[in-house]
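A.B. asks: Sharing a structure, written as structure tokens. Questions coming.
The values are calculated or read from the model by the stated rules, or taken from the named source; none is laboratory data. None of these values were measured; they are calculated from a predicted model. Methodologically, a virtual Cβ is constructed for each residue, glycine included, from the backbone with ideal geometry; neighbour enumeration extends over all protein chains shown. What goes into the accessible areas is simple: the full protein's heavy atoms, side chains included, and nothing from ligands, DNA or RNA. Shrake-Rupley method; radii C 1.70, N 1.55, O 1.52, S 1.80 Å.
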Amino acid sequence: MKIIFTLIIFLTTVFGVQVQELTWPKGESFLTFLDKYNISQNLYFSLEKEDKELCSEIIAGIDYNLMLNEDGSLKQVLIPVSEEMQLHIYETKKGKYAFEAIPIAYEEIDETIAIKIQRSPFKDIFEATENLALANEVMRVYGRSINFRGIQKGDFVALKYKQKVRMGKYFGNPELVAAMVEVNGKRNYRLKNRHNLKYYDEKGNGYSKTYFFQIPLTYKRISSQFTRKRWHPVLKRYRAHLGTDFAAPRGRKIYAAGDGKVIFKGRRGGYGNTIIIRHSNGYRTLYAHQSRFKSGLRVGSYVRKGTHIGYVGSTGLSSGPHLHLGLYKNGRAINPLKVITRGKEVKLSGKQKATFIANTKDYVQELDLVVSDQNRRLPTKFARKESYTLLQ
């Protein structure tokens, strides 16, 4: 088993080492990052396929941690590529560097809170928790199923949620386990079903839209499965592949897996020619290694499920013609085949419905209790730490 050791990173210069917390800039790639710090690109080109594809998962706007030597050369850097994995580049000796993909060390809070409405649910949730993603998630889950304009000052919002915390800051998207929004005294519950990840009220009535994707091409075989974080017993390191690879002949047509808007079309690091489509319900699909794109398709185009968007190829870093399909929900990589093949109905009935109601009864009681409790718990607020411990 890999030895886990602890590095203490201070936010000020310590023992001649400069540490910075930065935001990954738009247009930066893994290769341009290496060039910036005079690190040979051979570090990247010598990586295995899965690790090269992980380098393409870096997105603009992500926070990463950089440690520099006194002379400005890189000592080490941690770059998150998902909520579970990060890239670690570190100096082994002067001018020599190594690469590894490692799990992200984080804490997870599990809270049940009640917030008395003063202005609006969105503003009051954000003000109470300082968690913009949580406020957005509540709005997304309820959607248009209730009339937010009917909420009166003094109504309550009660939430049971889980949230990752990394380096003293919220990290990733919260999981809303249960919620109650009061509208003029009437309580409206939304409870997450663990079996299909959809939301229902306390009586088992569904409030999540059914959303299905289709496999976007005719393929020969699946050449690489999705795996988020797997320890390789022989290589003694973590392997991750945040998508599914479909082997197919060069030039075979690729179709949109679902209705949506094209938000990216072009070269994307090791992914080569890539298209990204944004769908409803927080989903996003990525189609990589294409030989070329369908003519007339451009960023901003709206496409229907089954629309021809491109052709199978081997651009970027690819050992042969195939489509790398990535699927993301609220920014988190998920297994495409679980969503494409699941096809479960939103509506609950019979034993399924009875089981759901029994399993969520305690959540309803917990939300009611936190509202009625005069000494109800307030959300945790995190002060920025002066030093961080990272597990590598």
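A.B. asks: Anything in the range 265-289 that is over 28 Å from MET139 (Cβ atoms) and of a type in the set (A, V, I, L, M, F, W, C)? List them, or say none. Please lay out each step first, then the result.
C.D. replies: Residues of the range 265-289 over 28 Å from MET139 (Cβ atoms): 265-275, 287-289.
Within the range 265-289, ILE275, ALA288 meet the criteria.
A.B. asks: Turning to a different aspect of this structure: For THR315, state whether it is without any contact (Cβ under 8 Å) to a residue 40 or more places away in the chain and either in contact with a strand residue (DSSP E or B) (Cβ under 7 Å, 6 or more places away or on another chain) or among the polar types (S, T, N, Q) (or both). So that I can check it myself, show each step before the final result.
C.D. replies: Working: without any contact (Cβ under 8 Å) to a residue 40 or more places away in the chain: no; either in contact with a strand residue (DSSP E or B) (Cβ under 7 Å, 6 or more places away or on another chain) or among the polar types (S, T, N, Q) (or both): yes.
So THR315 fails the test.
A.B. asks: Residues being without any contact (Cβ under 8 Å) to a residue 40 or more places away in the chain, within 24 Å of LYS338 (Cβ to Cβ) and open to solvent by 50 Å² or more (accessible area, probe 1.4 Å): count how many of those fall in the range 261-281.
C.D. replies: 3
A.B. asks: Moving to a separate point now. Being assigned to a strand (DSSP E or B), out of contact with any Phe, Trp or Tyr (no Cβ under 9 Å at 6 or more places or on another chain), open to solvent by 30 Å² or more (accessible area, probe 1.4 Å) and not aromatic (Phe, Trp, Tyr): is that true of ILE222 here?
C.D. replies: Working: assigned to a strand (DSSP E or B): yes; out of contact with any Phe, Trp or Tyr (no Cβ under 9 Å at 6 or more places or on another chain): no; open to solvent by 30 Å² or more (accessible area, probe 1.4 Å): yes; not aromatic (Phe, Trp, Tyr): yes.
For ILE222, the condition - assigned to a strand (DSSP E or B), out of contact with any Phe, Trp or Tyr (no Cβ under 9 Å at 6 or more places or on another chain), open to solvent by 30 Å² or more (accessible area, probe 1.4 Å) and not aromatic (Phe, Trp, Tyr) - is not met.
A.B. asks: Okay, next question. Looking at (1) under 20 Å from ILE309 (Cβ atoms); (2) surrounded by fewer than 20 Cβ atoms within 10 Å (Cβ to Cβ); (3) at pLDDT below 95, which is the only condition ARG237 fails?
C.D. replies: Just one mismatch for ARG237, condition (1).
A.B. asks: I need the full set of residues from the range 184-209 which are surrounded by fewer than 17 Cβ atoms within 10 Å (Cβ to Cβ) and part of a loop (DSSP other than H, G, I, E, B), in order please.
C.D. replies: If the condition is that a residue be surrounded by fewer than 17 Cβ atoms within 10 Å (Cβ to Cβ) and part of a loop (DSSP other than H, G, I, E, B), then ASN184, GLY185, ARG194, HIS195, LEU197, LYS203, ASN205, LYS209 are the ones that fit.
A.B. asks: Among all residue pairs at least 6 apart or on different chains, which show Cβ distances below 7 Å where the first residue, located in the range 76-99, is farther than 30 Å from GLY331 by Cα and the second is in a strand (DSSP E or B)?
C.D. replies: GLU91/LEU74; GLU91/LYS75; GLU91/GLN76; GLU91/TYR97; THR92/ALA98
A.B. asks: Might you let me know whether the range 83-98 holds any residue that is among the hydroxyl-bearing types (Ser, Thr, Tyr) and in contact with a Leu (Cβ under 6 Å, 6 or more places away or on another chain)? Steps first, answer last, please.
C.D. replies: Filtering the range 83-98 down to residues among the hydroxyl-bearing types (Ser, Thr, Tyr) leaves 90, 92, 97.
Remaining after also requiring in contact with a Leu (Cβ under 6 Å, 6 or more places away or on another chain): 97.
Yes, the range 83-98 contains a residue that is among the hydroxyl-bearing types (Ser, Thr, Tyr) and in contact with a Leu (Cβ under 6 Å, 6 or more places away or on another chain).
A.B. asks: Look through ARG250, ARG284 and report the one residue that is part of a loop (DSSP other than H, G, I, E, B) and either of a type outside the set (A, V, I, L, M) or surrounded by 15 or more Cβ atoms within 10 Å (Cβ to Cβ) (or both).
C.D. replies: Values: ARG284 fails: part of a loop (DSSP other than H, G, I, E, B).
So the residue among ARG250, ARG284 that is part of a loop (DSSP other than H, G, I, E, B) and either of a type outside the set (A, V, I, L, M) or surrounded by 15 or more Cβ atoms within 10 Å (Cβ to Cβ) (or both) is ARG250.
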